[in-house]
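Below you will find the structure I want to go over with you.
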Amino acid sequence: MNRLARIFVAGGDTLLGAALLDHLSECGFINLVGAAADQPDLGDTLAVEAFFEQIKPEFVFLAGGKSGGIRLNRQRPADLMLDNLRTIANVIDAAHRYGAKKLLYMASSCAYPRQAAQPLQVESLLAGPVEPSSEAYATAKIAGWKLCEAYRRQYGCRFITAFPANAFGPHDDFSDESGHVIPALIRRTHEAKLNGERSLTVWGSGSPRREFIYSRDLADACLFVMRHYENEIPINLGGGTDISIAEAARTIAEMVGFRGKLIFDSTKPDGAPFKALDSAALFDMGWKPSTDFRTAIAETYRWYRGSIACGYAIH
Ligand code: GDP
């Protein structure tokens, strides 16, 4: 992949897509196609087709498809699944037909079986039922992985799949309706501080554990595997921090400067009890993350405050 290669980040408006565009620019890649007004609607077959026919991207990072936190998955499973199915079908097929040299598909750790041994190893994929609250979305993510595999087998395409840990960072969705835990808690904690509240409600028991990865580190891992990984077997992209929701909430409170009490609302769902990835394959190839959890929270909080000062980006 040289710095003039035509690189398409499909889903440049997502958390990971935005981090990828920033990181690729920082690394000197100057031919980022479909990154602005020319970005096709990934759910629109004809638009994706026309884009690939005209631009012929050489490298595709497929980070598109709607996603969201536990509440959105419960309320809008059909929307999430359909959007992801359309996106993968359109982009993967067009990448093949218009000769992309390589494609990296970003699946999701929620595609792992709920009861799989932790940390999650790729051998456990499809070995049992997934977490019911995100089953529709997870099924689409599994379909994306399998579609890449099918194109590899039938056409010899260099299409690879990665399973990322829970990511957070700038450009995230900070809303209660569809945000994941870190951005939603950053916003609520910030508001609680501004309003001088004495307590803050955290959903669930606080005991579920998650492995988090900063979006910039995840973007770096994506670029690394695009360059160095060729296998049909998917690869886990983790290496972030494995902590409980309660610990994460306490760190956020500290970084935001909120001194009130944290109250755990057990009427809200916990979701999967534990999610962390076994990323030994990635580490053995020589990659490691560079941002610790506290720094990543501080940077995300700074970005959030900047975005509200500008009056945009809060969904
Ligand atoms: P998951 O990793 O797919 O389960 O998705 P989430 O990021 O939405 O939730 C992770 C965990 O954080 C669950 O146990 C939630 O109950 C808990 N949590 C605590 N507070 C919040 C919050 O404000 N928003 C979200 N989305 N989850 C929260």
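May I ask which of K66/K288; K66/K141; K141/K275 have a Cα-Cα span longer than 19 Å here?
Working: K66/K288 28 Å; K66/K141 11 Å; K141/K275 17 Å.
Pairs exceeding 19 Å: K66/K288.
Could you let me know the centre-to-centre spacing of the stretch 243-305 and the stretch 16-64, using Cα atoms, in angstrom?
Spelled out, the Cα-based centre of one part sits 29 Å from the other.
Something else about it: Can you list the lysines whose alpha carbon is less than 18 Å from that of K146, not counting same-chain residues fewer than 8 positions off?
Result set, ordered by chain and number: K102.
Angle check, please: helix 245-256 long axis (alpha carbons) against the longest principal axis of the chain (alpha carbons), in degrees 0 to 90, nearest 10.
80 degrees
Under the definition of Cα pairs under 8 Å and six or more residues apart, what whole-number percent is the relative contact order of the stretch 77-206? Walk me through the numbers on the way to the answer.
On the way: 141 pairs, mean separation 32.5, N = 130.
Normalised by residue count, the contact order of the stretch 77-206 is 25 percent.
Would you please classify the overall shape of the stretch 47-98 from the alpha carbon gyration tensor, given that a ≥ b ≥ c denote the square roots of the eigenvalues, rounded means a/c under 1.5, and beyond that prolate means a/b larger than b/c while oblate covers the rest?
Working: a/c = 3.68, a/b = 2.71, b/c = 1.36.
Cα axes put the stretch 47-98 in the prolate bin.
Right, another one. How high is the relative contact order of the stretch 175-311, given as a whole-number percent (alpha carbon pairs under 8 Å, six or more residues apart)? List each step's numbers first, then the result.
Numbers: 174 pairs, mean separation 49.8, N = 137.
For the stretch 175-311, the relative contact order is 36 percent.
What translational D, rounded to a whole number of µm²/s, comes out for the chain from Stokes-Einstein when the hydrodynamic radius is the Kirkwood one over Cα pairs, at 4 °C and 1.567 mPa s? Please list the in-between numbers first.
Details: Rh = 19.8 Å.
Value of D from the Cα-based Kirkwood radius: 65 µm²/s.
Accessible area per residue for the stretch 1-153 in Å², computed with a 1.4 Å probe and the full protein assembly in place, what is it?
Details: 6630 Å² over 153 residues.
Heavy-atom accessible area per residue stands at 43 Å².
Which whole-number percent gives the relative contact order of the chain, counting Cα pairs below 8 Å spaced six or more residues apart?
Values: 610 pairs, mean separation 58.8, N = 315.
For the chain, the relative contact order is 19 percent.
Looking only at D284, D13, D173, which one moves most when the chain is put into a Gaussian network model with springs between Cα atoms under 10 Å?
Comparing D284, D13, D173 in the GNM, the peak value goes to D284.
So what's the back-of-envelope 222 nm ellipticity for the chain, counting only DSSP H runs of four-plus at -39500 (n - 2.57) apiece and dividing by all residues, rounded to 500?
Working: 10 runs with 134 residues, N = 315.
That calculation yields -13500 deg cm²/dmol at 222 nm.
Another one. Find the accessible area per residue for the stretch 168-315; the probe is 1.4 Å, ligands and nucleic acids are left out, and the unit is Å². Intermediate results must be reported in sequence, preceding the final value.
Details: 6600 Å² over 148 residues.
Ligands and nucleic acids excluded, the result is 45 Å² per residue.
Roughly how large, in nm² to one decimal, is the mean projection of the convex hull of the alpha-carbon atoms in the stretch 229-315? Display every interim value, and only then the final one.
Details: hull surface 35.0 nm².
Computed as one quarter of the Cα hull surface, the answer is 8.7 nm².
So, with +1 on the Cβ of K and R and -1 on the Cβ of D and E, and no other charges, what is the size of the charge dipole of the chain about its Cα centre, to the nearest 20 debye? Don't jump to the answer; show the numbers that get you there.
Details: 34 positive and 36 negative charges, 66 e Å.
Using only the charged Cβ atoms, the result is roughly 320 debye.
By DSSP, what percent of the beta bridges with both residues in the chain are antiparallel, rounded to the nearest 5?
On the way: 5 of 33 bridges.
Antiparallel: roughly 15 percent of the beta bridges in the chain.
The values are calculated or read from the model by the stated rules, or taken from the named source; none is laboratory data. Quantities reported herein were computed from a predicted structural model and do not represent experimental measurements. Methodologically, a virtual Cβ is constructed for each residue, glycine included, from the backbone with ideal geometry; neighbour enumeration extends over all protein chains shown. Quick note on the areas: whole protein, heavy atoms, side chains included, nothing else; ligands and nucleic acids left out. Shrake-Rupley method; radii C 1.70, N 1.55, O 1.52, S 1.80 Å.
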